[in-house]
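Enquirer: Mind looking over this structure? Questions follow.
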Amino acid sequence: MNDNQAFGKQHRDWLPTFLVWAVALGVTGIFAWILGDILWHGAAQISWEFLISEPEDAGRAGGIGPILVSTLLILGVCLVVSVPIGVGTAILLADLSTTDTLFSNLVRRSLDVLAGVPSIVFGLFGNVFFAKTLGLGFSILSGGLTLACMVLPILIRSAEEGLRAVPPDYRLGAAALGFSRTTTLGQLLLPAAAPGLLVGVVLGIGRAMAETAALIFTSGYVDRMPESLLDSGRALSLHIFDLSMNVPGGNANAYASALVLLALLLVINGVAAWIAEQWLHRRLIP
Amino acid sequence: MVTSEAYPLMKFLESPGTVQSLEQPQPLLQTTNLSLHYGLKPAFRDVSLVAPAGSITALVGPSGCSKTSFLSCLNRLTDLIPGAQVSGQIRIGDRDIRQPSLNLIALRRRVGMIFQKPNPFPLSIWKNLALPLREHGLGNRHQVDQIIETTLQDVGLWDEVKDRLKAPALKLSGGQQQRLCIARALVLKPEILLMDEPCSALDPLASGIVEDLIARLRQRYTVIIVTHNLAQARRIADYTALFWVQEGAGQLVEHGATQQIFEAPQVELTAAYVGGMRG
Amino acid sequence: MFNSRILSRSRSDQILVWSLRGLAALAGAIVGLIGLFLVLESLPVLQQVGPARFFTDAAWNPLEGLYDLTPMLWGTLWVTLGSVLVATPLGILSAVFCQFYAPARIASFYRRLLELLAGIPSVVYGFWGLVVLVPLINQIHPPGTSLLAGIAILTMMILPTIALVAAASFAKVPPAYLQEAAVLGLSRWTTIQAIVLPAAKSGLFTGVVLGTGRAIGETMAILMVCGNVVQMPRSLFEPLRTLTANIALEMAYATGDHRSALFVSGLVLLGLVVALVAMAEALSQGQIYE
């Protein structure tokens, strides 16, 4: 190989390097733009008062107190239903898939499809099944149950990964000592997989909190303080949508609500990353 | 020394019908034409082996001749492996343990197992030993503590850990972990101990300590031990069995008293292997 | 006593196993339930007018019995196609940056950033598009709410997905390949182009398919920036309405056959997604590096 060729190569490599860095900077720039814009316009509106008071004048004035409460209630319903189903399914997929091969393959395939179902379709389903067929109406319960269906795939996937990451030695050791399946799971596998389960739950919360389309026709638009789970309650994301699309002059409070939502999601994301890191750390240094 | 009568636990440990067999001098463990396939692939074929009560039997042979697979048939750990198919007979005492109706949990209490890599649970030292006791029905805290103490003394670990029983078991050294695993098997007072190269993951010093411990288990337990260390087999085993891959599957080449295997082997392959010329 | 203990324990194992099966069956049945209820709700209008008229009617005017879904289908198609075409190269370049160009610290920062971007709610993207992007486009060519705005917002939304999946599949390329390339004295870009991209091909396809799925299903952001006029867009600057936006807009007041027709469009969406998942599955079958 002579010098000219080497130089030629060097030259042609300059363009891709530039391109790759430009794309990375561009993506970072747009993210900074979005975040900066929302921070800039939203921060001015945010106060303790905003977080706890009732919305007034269709949301143009006042705060988001009842909306935060509704959001938390919807999340609560979603988790109470989806965590047991999700963890149970994950145990089956991780631990019984050798004996229930056909069944677990079927479940896994069905979850793959579920993961891809558009959220508006979940909204349609929640509306006809929970609100109409089960008679729950436009309510926090309907919304939470709809979200529970939606977050199941993500929850199950990370719980299953957590369980599969438990060293097989524990299973073998427990089997060789004649432990029942219940003991093996309860005393050894679930505690060892707890961080994975937790990451799944946190990711599920993130997904549920970001959701809007699935809630329009299930938990509804009512922005009053909910008195029971059968009341309609407006989620934070839906509030942002409503203020920006349907309420002229609602942008200021929409910005503030968007900032609150982003802050909550950032915290959740941070918690998930922290748990995952702790877990990795602990597994590397036993 | 602790006798089995001293343990109220023994009531739980002996299933009806096996009490007599303990007292009989005849072979405790016997396999007849035992074969194992993983799917269509044979692992080992037609192994007939007898282990008298209270003896130590060493399984030797080159890597990949299915000694470990043979071992995991004896407590039916093969049930956990998808596609593993066992044929032939395994008798422990007067029970055929391949019967589908057999209670696996009871079997695995009678047949303890030690793995190549020490695998204490990610719990405290105390909990590692208490969990199997509690799992098998011993709830009395005082008795549990007593059994844990005698067993840890038995494996020579008591003096090293008595002040930190609540410390994580994974903080122990490799040799200590392996002795803890042996103790964990012993708290259940099994009749048979299966050991899968229990010293191979340890440094020479720890390996020596564990080997001495195994030798001390003679008479009280029937031990089947897989080892790659011929010198070790010669030092501790009453009987030695040589496995070899023949026609694509592991087979039992020769089986006899250790002295005979090492000094007067009947089969040429055995002579070559123990002479260090092959494998 | 001994036996009864054993029995009670193996019974508790039985109970455990069967309740796990029950829970898994429940989780697995949800997709079936969704399909079932969409079909049940769609049936009235499908039986009455037949499936063909959803593609041949003169217009979408459900109150007068006209059910033409094609403008919305085209709308969905155009924004999806546009955003996938833009986001795929950008996403793959982002992954290349992460895996091969950036110093370790910047790479991990950038990866974290992509994860954050993937987690930003669509309503926030939509809101930002509505208050920042749409006015900008309006200055170039009114009305601002347009196919272009939809493509831009969707690109931002699916880029992180494509990039993260691509980065993961780059990480799975056997290091031996890269060593071999280094030994041969190949430059970084040549290595990526000639060795990494082909080796990670099926992983990249999976990422694109996932991104496509997200683009087809996206509702809120599109609804907020695309203008929602039922028409075939003739240029990048014209507004349009997608299938998803149509459901979100009209479900609130739809009754009878109109409501039923919206469920038909939900069924169409579900069908598209199932086809995509099947495609992804078929692709991942070939995802073995030798």
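The values are calculated or read from the model by the stated rules, or taken from the named source; none is laboratory data. Small disclaimer: the values here were computed from a predicted structure and weren't measured. Using ideal geometry, Cβ is built from the backbone for each residue, glycine included, and neighbour counts are taken over all protein chains shown.
Enquirer: Quick one: which of B:Leu49, B:Leu152, B:Leu138, B:Leu77 is surrounded by 19 or more Cβ atoms within 10 Å (Cβ to Cβ), under 30 Å from B:Thr270 (Cβ atoms) and either among the acidic types (Asp, Glu) or out of contact with any strand residue (DSSP E or B) (no Cβ under 6 Å at 6 or more places or on another chain) (or both)?
Expert: Matching residue, one of B:Leu49, B:Leu152, B:Leu138, B:Leu77: B:Leu77.
Enquirer: To continue, here is another question. Which is buried (at least 17 other Cβ atoms within 10 Å of the Cβ) and either on the phi < 0 side of the Ramachandran plot or assigned to a helix (DSSP H, G or I) (or both), of A:Leu51, A:Leu35?
Expert: Just one listed residue meets the conditions, A:Leu35.
Enquirer: Quick check on my filter: what residues within segment B:101-123 are without any contact (Cβ under 8 Å) to a residue 60 or more places away in the chain and within 14 Å of chain A (Cβ to nearest Cβ)?
Expert: If the condition is that a residue be without any contact (Cβ under 8 Å) to a residue 60 or more places away in the chain and within 14 Å of chain A (Cβ to nearest Cβ), then B:Leu102, B:Leu104, B:Ile105, B:Leu107, B:Arg108, B:Phe121, B:Pro122, B:Leu123 are the ones that fit.
Enquirer: Follow-up. Restricting attention to segment B:51-71, which residues are within 12 Å of chain A (Cβ to nearest Cβ) and either part of a loop (DSSP other than H, G, I, E, B) or out of contact with any Leu (no Cβ under 8 Å at 6 or more places or on another chain) (or both)?
Expert: The one that is within 12 Å of chain A (Cβ to nearest Cβ) and either part of a loop (DSSP other than H, G, I, E, B) or out of contact with any Leu (no Cβ under 8 Å at 6 or more places or on another chain) (or both): B:Thr68.
Enquirer: Let me ask you something else. Criterion first (under 25 Å from B:Pro100 (Cα atoms), out of contact with any strand residue (DSSP E or B) (no Cβ under 8 Å at 6 or more places or on another chain) and modelled with pLDDT of 90 or more) does B:Lys41 satisfy it?
Expert: yes
Enquirer: A follow-up question, please. Give me the residue from segment C:236-282 that is of a type in the set (S, T, N, Q) and either modelled with pLDDT under 90 or assigned to a helix (DSSP H, G or I) (or both) and, out of that set, surrounded by the fewest Cβ atoms within 10 Å (Cβ to Cβ).
Expert: Result: C:Ser260.
Enquirer: Within segment C:228-248, count every residue that is within 23 Å of C:His258 (Cα to Cα) and either within 12 Å of chain A (Cβ to nearest Cβ) or hydrophobic (A, V, I, L, M, F, W, C) (or both).
Expert: The qualifying residues number 12.
Enquirer: Right, next: Of A:Ala254, A:Ala174, A:Ala258, A:Ala208, which residue is buried (at least 21 other Cβ atoms within 10 Å of the Cβ), within 14 Å of chain B (Cβ to nearest Cβ) and part of a helix (DSSP H, G or I)?
Expert: Result: A:Ala174 is the single residue among A:Ala254, A:Ala174, A:Ala258, A:Ala208 that is buried (at least 21 other Cβ atoms within 10 Å of the Cβ), within 14 Å of chain B (Cβ to nearest Cβ) and part of a helix (DSSP H, G or I).
Enquirer: To continue, here is another question. Name the residue, out of B:Leu180, B:Leu165, that is within 14 Å of chain A (Cβ to nearest Cβ) and either aliphatic (A, V, I, L, M) or not in a loop (DSSP other than H, G, I, E, B) (or both).
Expert: The match here is B:Leu180.
Enquirer: Further question: Go through (1) modelled with pLDDT under 95; (2) more than 20 Å from the chain's Cα centre (by Cα) one by one and return the number of the condition C:Ala29 breaks.
Expert: That leaves (1) as the condition not met.
Enquirer: Quick check: is even one residue across segment A:93-115 among the aromatic types (Phe, Trp, Tyr) and either in contact with a strand residue (DSSP E or B) (Cβ under 7 Å, 6 or more places away or on another chain) or crowded, with 18+ Cβ neighbours inside 10 Å (or both)?
Expert: no
Enquirer: Follow-up question, since we're still on this one. Would you mind telling me which numbered condition in (1) within 14 Å of chain C (Cβ to nearest Cβ); (2) part of a helix (DSSP H, G or I) A:Thr98 fails?
Expert: Just one mismatch for A:Thr98, condition (2).
Enquirer: Residues in segment B:17-29: is at least one modelled with pLDDT of 90 or more and away from chain A (no Cβ under 11 Å)?
Expert: yes
Enquirer: Just the residues that are more than 24 Å from B:Thr78 (Cβ to Cβ) and either within 7 Å of chain B (Cβ to nearest Cβ) or touching a Pro at 6+ places or on another chain (Cβ under 7 Å) (or both), please, taken from segment A:161-171.
Expert: A:Gly162 - this is the single residue of segment A:161-171 that is more than 24 Å from B:Thr78 (Cβ to Cβ) and either within 7 Å of chain B (Cβ to nearest Cβ) or touching a Pro at 6+ places or on another chain (Cβ under 7 Å) (or both).
Enquirer: Follow-up. Those residues that are touching a Lys or Arg at 6+ places or on another chain (Cβ under 9 Å) and facing chain C (nearest Cβ under 7 Å), I need them from segment A:104-122; list them, please.
Expert: A:Leu111, A:Gly116, A:Pro118
Enquirer: Kindly indicate which of A:Leu155, A:Leu185, A:Leu230, A:Leu203 is outside any helix (DSSP H, G or I), more than 12 Å from chain B (Cβ to nearest Cβ) and in contact with a Leu (Cβ under 9 Å, 6 or more places away or on another chain).
Expert: After ruling out the rest, the residue left standing is A:Leu230.
Enquirer: Could I ask something else about it? Is it true that A:Phe18 is assigned to a helix (DSSP H, G or I), under 20 Å from C:Val124 (Cα atoms) and modelled with pLDDT of 90 or more?
Expert: For A:Phe18, the condition - assigned to a helix (DSSP H, G or I), under 20 Å from C:Val124 (Cα atoms) and modelled with pLDDT of 90 or more - is not met.
Enquirer: How many of the residues in segment B:220-279 are acidic (Asp, Glu), more than 30 Å from B:Lys189 (Cβ to Cβ) and buried (at least 16 other Cβ atoms within 10 Å of the Cβ)?
Expert: Within segment B:220-279, residues that are acidic (Asp, Glu), more than 30 Å from B:Lys189 (Cβ to Cβ) and buried (at least 16 other Cβ atoms within 10 Å of the Cβ) number 1.
Enquirer: Among C:Arg53, C:Arg21, which is charged (D, E, K, R) and away from chain A (no Cβ under 14 Å)?
Expert: The match here is C:Arg53.
Enquirer: Which one is farthest from the other protein chains (Cβ to nearest Cβ), of the residues in segment B:168-177 that are out of contact with any Ser or Thr (no Cβ under 9 Å at 6 or more places or on another chain) and part of a helix (DSSP H, G or I)?
Expert: If we take residues in segment B:168-177 being out of contact with any Ser or Thr (no Cβ under 9 Å at 6 or more places or on another chain) and part of a helix (DSSP H, G or I), then B:Gln176 is farthest from the other protein chains (Cβ to nearest Cβ).
Enquirer: For residues that are within 11 Å of another protein chain (Cβ to nearest Cβ) and without any contact (Cβ under 8 Å) to a residue 12 or more places away in the chain, scanning just segment C:129-146, find the one that is nearest to A:Asp242 (Cα to Cα).
Expert: Across segment C:129-146, the extreme among qualifying residues is C:Val131.
Enquirer: Okay, moving on. Does C:Ala107 meet the test of being under 24 Å from the mean Cα position of the chain (by Cα), within 12 Å of chain A (Cβ to nearest Cβ), closer than 28 Å to C:Ile192 by Cα and surrounded by 15 or more Cβ atoms within 10 Å (Cβ to Cβ)?
Expert: no
Enquirer: If you take the residues of segment A:177-196 that are surrounded by fewer than 22 Cβ atoms within 10 Å (Cβ to Cβ), at pLDDT 90 or above and among the aliphatic types (A, V, I, L, M), which of them is farthest from A:Met150 (Cα to Cα)?
Expert: Result: A:Leu188.
Enquirer: Then there is this: On the given criteria, is B:Gly208 more than 25 Å from A:Ser180 (Cβ to Cβ) and touching a residue at least 24 places away in the same chain (Cβ under 8 Å)?
Expert: Here the answer is no, as B:Gly208 does not meet what is asked.
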